[in-house]
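As structure tokens, the structure follows; a few thoughts come after it.
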Amino acid sequence: MYSLALIHGRAYINQAWVQTNIYIQNEKIVNISNELFPADEVIDLNGLEVLPGIIDPHVHFELDLGWIKSVDNFYSGSVAAIFGGVTTFVDFLEPVDTVEGLEKAFLSRMSLAKKSIADYHFHATIKNPKCNLEDFVVKMKSLGMHTLKLFTTYSESNRRTDEKDIIELLKLSKKHHFLIMAHIENDDLIKIDPTYTFKELTLSRQTIAETTEALKLAKFVSDTKGNLYMVHLSSGHTLVGLIDQYKDMINKNFFIESCPQYFTFTKEKLQTEKGYLYTFAPPLRSLREKELLFKNASYVYTIGTDHCAFMEKDKKKKYLEDIPLGIGGIEHSLSMMRHYLGDQAIDKMTLNVAHTQGLPNKGRIEVGYDADFAIFRPMPNEKVYGNHGTCDYSLYEGLHGSGKVVSTIVRGKFVLKNGELLGGEGKWIEGSEFHV
């Protein structure tokens, strides 16, 4: 007797849609069959799609900027995630520069994350290191993390890692089988000016800062044969540059993540009355850059939301330096990205994420894998609605989506069922080594 049977659903299995029945026991998928077997609970999903649980590789819950915190904590952020079919997310440890600081940051984040109703993992995060880099990597791996975030910018807050250390970390990434996650902008080309308003964000952080730095780091990856993942690529120009010069390396050991906001909006939004709501880094780009992003979307390996929400009152400031950069997006990412990219979006939000983040038993519907599912009602061109996080606005509200998540299952338990939040208990998922 199985504990749960999902019958008559249209399931996304191995890049194809299959009408089948899925059987769950002890948090795992234990059978996929056209036959009907008895179960403690039988759910008929006729007319609905069964997707692997969505994995968001890039969120910022309870992010402390020193002067303000992002408003979604691990509970409210995970609630928004569950309403979006996201069963696992990857957040970031506080940036640290020593081995001792790494373990302290890990324990602090683990304590905060206990509130989550979705499963979770973390990226270690390094800033301007003052330690032996190999010791740092070994400690990171001993804590169950195999992804390391660094910044090529933000020198004003001491977060930048210099080129010598980046090259050394790339060499170590090959030796120790981990993946570097890099925020890539050329720090020397970023203009910090206290007179800039939100309308000057694209002037402050121009495309050339992203493109030149991405090509530089791609050269480092080529030279070292290391492993690197570019977070939140914003511009189609950057993507085309990488394809032109490093096509053979893309999504083999140089991975590209982009975000729903770059497929949705253009920089003209910053010139509107509420342009302050559209402030994040890297910023929005031109229509041409967005068109190139769509044209070359097959080279984007993963979609992460960079979910980092703040209240409207906190963003409603004139000067750029007073505005916390970031937006929410985790709840509507699946609906939006399927609207834009169709079924191609699914692997970018499940299988590919599990691969890069080293999340075993996540990201596909297969016997032996965790029973994580997003149950989706396709509604082409249906407008996006609903906002279940803490934030008091959503940039996606009222835009065209592709349907709605009606139920979300985490390790065999309904956390969202027919639109009703039942609640659940997320758990820490230890990572595995990264292998090309």
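Read-outs throughout are calculated quantities, based only on the coordinates presented, and are distinct from any laboratory measurement. Everything numeric here is computed off the predicted structure, so don't read it as measured data. Cβ sites come from the backbone with ideal geometry, for glycine too, and all protein chains shown count toward neighbours.
Things to note:
- Spatial separation of Cα centroids for region 383-430 and region 284-324, in angstrom: 21 Å
- In terms of the mean number of neighbouring beta-carbon atoms within 10 Å, the peptides 67-78, 269-280, 375-386, 167-178 order highest first as 67-78, 167-178, 269-280, 375-386.
- Options (1) -0.80, -0.97; (2) -1.06, -1.17; (3) -0.89, -1.06 - which one matches log10 I(q)/I(0) by the Debye sum over Cα atoms at q = 0.11, 0.12 Å⁻¹ as calculated here: (1)
- Those lysines that a straight Cα-Cα span of less than 24 Å connects to Lys362, excepting residues fewer than 8 apart in one chain: Lys28, Lys114, Lys115, Lys141, Lys149, Lys174, Lys252, Lys348, Lys404, Lys413, Lys417, Lys427
- Among Thr350, Ala218, Thr279 the positive-end extreme of the charge dipole of region 54-357 (Cβ point charges): Thr350
- Helix axis angle, 163-176 relative to the chain longest principal axis, alpha carbon, degrees: 30 degrees
- Modelled spin labels at Tyr393 and Leu189, positioned 7 Å past Cα toward Cβ, are 3.0 nm from each other.
- Sorted on the mean count of surrounding Cβ atoms within 10 Å across their residues, most packed first, peptides 190-196, 395-401, 406-412 read 406-412, 395-401, 190-196.
- Between region 154-227 and region 88-149, the Cα center-to-center distance that results, in Å: 20 Å
- Rounded to the nearest Hz, the phi-derived 3J(HN,Hα) couplings of region 297-312 under the Karplus curve 6.51 cos²θ - 1.76 cosθ + 1.60 (θ = phi - 60°) are 4, 5, 8, 7, 7, 9, 10, x, 8, 6, 4, 8, 8, 9, 5, 4, where x marks glycine and proline.
- Helical contribution to [θ] at 222 nm, DSSP H n ≥ 4, -39,500 (n - 2.57), averaged over the chain, rounded to 500: -8000 deg cm²/dmol
- Mean separation of Cα pairs under 8 Å and 6 or more residues apart, divided by the residue count, gives the chain a relative contact order of 21 percent.
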